[in-house]
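Report on the following structure.
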Number of protein chains: 2
Amino acid sequence: MLTELRITGFGGQGVIRFGYLLGKAASIYDAKQATLTQSFGPEARGSACSAQVVISDERVLYPYVTVPHIVVAMSQEGFAKHGDKVRERGTLVMDEDLVKPDQVKKGLKVFAIPSTRFAEEMGAKIVANIVMFGFFTAVTDMVRPESAKKAIESSFREKLIDLNLKAFDKGYKYGKELLGKTVQAKSETPAGT
Amino acid sequence: MLTELRITGFGGQGVIRFGYLLGKAASIYDAKQATLTQSFGPEARGSACSAQVVISDERVLYPYVTVPHIVVAMSQEGFAKHGDKVRERGTLVMDEDLVKPDQVKKGLKVFAIPSTRFAEEMGAKIVANIVMFGFFTAVTDMVRPESAKKAIESSFREKLIDLNLKAFDKGYKYGKELLGKTVQAKSETPAGT
């Protein structure tokens, strides 16, 4: 089992750090292998920013992402560039205030959260990527939440750990509630229809 | 011409960001190709952190770093793990307060700067990686300083750009002075000896 992911946004949002934490959680705290790659194409010009993560049960021989199973979009530009390249029946995770899709490829699972707004409400816009990481962890099965938290604890300076764990929890909780609603909505469908 | 580099330190020092800026400067603002890769081995456990950068005149097909030409060490642990893996006649760039080598592989070019101390003197320890990036740019010929600065300008939030450019200049100036001294010292050697 090998999963290709792309995290995309603009510079300063911490999408590389998102990728780093994800890879670290998967490989160091879950028993998987991971790589984080940044290849600087013309798309890296200006403010666009994108991290490629590969998570696998076995050693990752080819770290470049071709057709990602999961795309995380934290900017409209990132969505425009990569949103339609998600694999069929793949997953799109996005910031619902910053990304306004005209249309989304049919059959994709789409999960949206106002991650930047939540971070601003916490008084720290800079942790929007971590709110998103929490949300991502809740709605995908890529890493265990306890592994994600260990990755955060071992990657931030002491005084920033609490804030980032709080941001993670905010996103995670929102994701679990969203899944709960989805399940509930489904179970409310009258039987037999 | 292909150069393999490893930037190493501990979590929170911004070594991944260093690698990102370096790759961006080389590929977007100089006319080269670059990749940044983070492969999470056991070494990623705990606080160790290491970024692999490949810079090439041609497309980088294999982004993993095997025997780096240049190692940047911002922690003793990073030096201990990677300092002896530098290629013969390669280059070691290090923080002179945080790295105290017992011995350095023979034939290496070694450049040391108190980057963390300089950053602290600027009142912003967090820019130690950028002081180091400036120093690195001065003592190696990997990227043009104007390209490095453009990478900084396009990667930080507006209000952080000035601080980071200042940090870059601090390290760059120190590096150029150091090279000047080296050259001067050499030219003072009496002719014929």
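The values are calculated or read from the model by the stated rules, or taken from the named source; none is laboratory data. In this text, all values refer to a predicted model and were calculated from it rather than measured experimentally. Ideal geometry is used to build each Cβ from the backbone, glycine not excepted, and the neighbour counts take in all protein chains shown. For the accessible areas, the whole protein counts, side chains as well, though only heavy atoms, and no ligand, DNA or RNA atoms are used. Shrake-Rupley method; radii C 1.70, N 1.55, O 1.52, S 1.80 Å.
What the table shows:
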| quantity | calculated |
| --- | --- |
| Options A:GLY90, A:GLY107: the member that is at positive phi and surrounded by fewer than 23 Cβ atoms within 10 Å (Cβ to Cβ) | A:GLY107 |
| Residue list for region B:28-42, restricted to those being more than 9 Å from every other protein chain (Cβ to nearest Cβ), touching a Ser or Thr at 6+ places or on another chain (Cβ under 6 Å) and small (Gly, Ala, Ser) | none |
| Qualifying residue in region B:77-98 (condition: under 25 Å from A:SER147 (Cα atoms) and within 14 Å of another protein chain (Cβ to nearest Cβ)) | yes |
| Filtered residues of region A:7-16 (kept if surrounded by fewer than 24 Cβ atoms within 10 Å (Cβ to Cβ) and either assigned to a loop (DSSP other than H, G, I, E, B) or facing chain B (nearest Cβ under 8 Å) (or both)) | A:GLY11, A:GLY12, A:GLY14 |
| Selected residue (only one of B:ALA51, B:ALA25 is more than 8 Å from chain A (Cβ to nearest Cβ), part of a helix (DSSP H, G or I) and either surrounded by fewer than 24 Cβ atoms within 10 Å (Cβ to Cβ) or in contact (Cβ under 8 Å) with a residue 24 or more places away in the chain (or both)) | B:ALA25 |
| Any hit, region A:54-73, residues being in contact with a helix residue (DSSP H, G or I) (Cβ under 7 Å, 6 or more places away or on another chain) and either in a loop (DSSP other than H, G, I, E, B) or on the phi > 0 side of the Ramachandran plot (or both) | yes |
| Boolean, B:ILE152 is open to solvent by 60 Å² or more (accessible area, probe 1.4 Å), under 28 Å from B:ALA48 (Cβ atoms) and in contact (Cβ under 8 Å) with a residue 60 or more places away in the chain | no |
